[in-house]
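Input: a single structure, listed below in structure tokens.
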Amino acid sequence: MTLRYLFSRPVLYCISDQGNGDPIELLRAADSNCIEFFQFRHKYLSENERWQAAASVVKVPRWVTRLLVNETISLARAIDADGVHLPAGSVSIETARAELAGKLAGVSVHSLEEALQADEGGADYLLLAPVFCPISKALTRAPLGLEGLRQVCSRVTTPVIALGGVTPECFTQVLDAGAAGVAGISLFADATGLKKIVERFRQSAG
């Protein structure tokens, strides 16, 4: 069973990493502003530090925002997160589903080929990157652009979330290309400014 129905309307997907500060404060702000998804990434931390941080983050009261853990299925299970996000080349969706029954399982993809494979694998959503030049890190792949985004969205049935250099100025274009939502790190760098980001996105989504 997939949870793709959670993407029946355009969504915002906040990725918490070293580029946007305290994950606890960011998650509080995300939930108070009705941001649908929050991915706890923080790969730069040691394993022990990451587990401790995640244990604190999950204690934040949430009414709207779903908490996902990047890659580490055992951590997602330990803190009873709402799901896991799998980087490209990570474990299979089948493995994630077996260990996290009833939870969300999304996959990072960087090309049409990867998207088609993940689509067949039954992911709940695809995080497609980079659509534009990333703001939070150096460019390692050529941006797909709006045409690449449009092509992927037209070929898969899985909801596609656009990541990489997406700013409020291009929300409308990204959604018009078929994206089910927008993700970012730098986009959510200022927890105090999330209200304006969300308002702009809802306006673009109609």
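The table for this structure:
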| read-out | value |
| --- | --- |
| Tally of Lys pairs whose C-alpha atoms are under 25 Å apart, taken over the chain, 8 or more apart or cross-chain | 7 |
| Between region 170-206 and region 95-119, the Cα center-to-center distance that results, in Å | 23 |
| Exposure proxy order (Cβ contacts within 10 Å, fewest to most) of R9, R97 | R9, R97 |
| Pairs of alpha carbons in the chain whose separation is greater than 29 Å (percent) | 16 |
| Formal net charge of residues neighbouring I93 (Cβ-Cβ distance under 12 Å; K, R +1; D, E -1) | -3 |
| Local electrostatic count at G122 - Lys and Arg +1, Asp and Glu -1, tallied over other residues with Cβ under 14 Å | -1 |
| For G83, distant residues with modelled amide H under 5 Å away | V69, L104 |
| Relative contact order for the chain, counting Cα pairs under 8 Å that sit 6 or more residues apart, in percent | 22 |
| Chymotrypsin sites (Phe, Trp or Tyr not before Pro) within region 37-141, DSSP loop, no more than 12 other Cβ atoms inside 10 Å | Y44, W63 |
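Just so you know, all these numbers are worked out from the coordinates, no wet-lab data involved. All of these numbers come straight from a predicted model, not from anything done at the bench. Neighbour counts run over all protein chains shown; Cβ positions are idealised from the backbone, glycine included.
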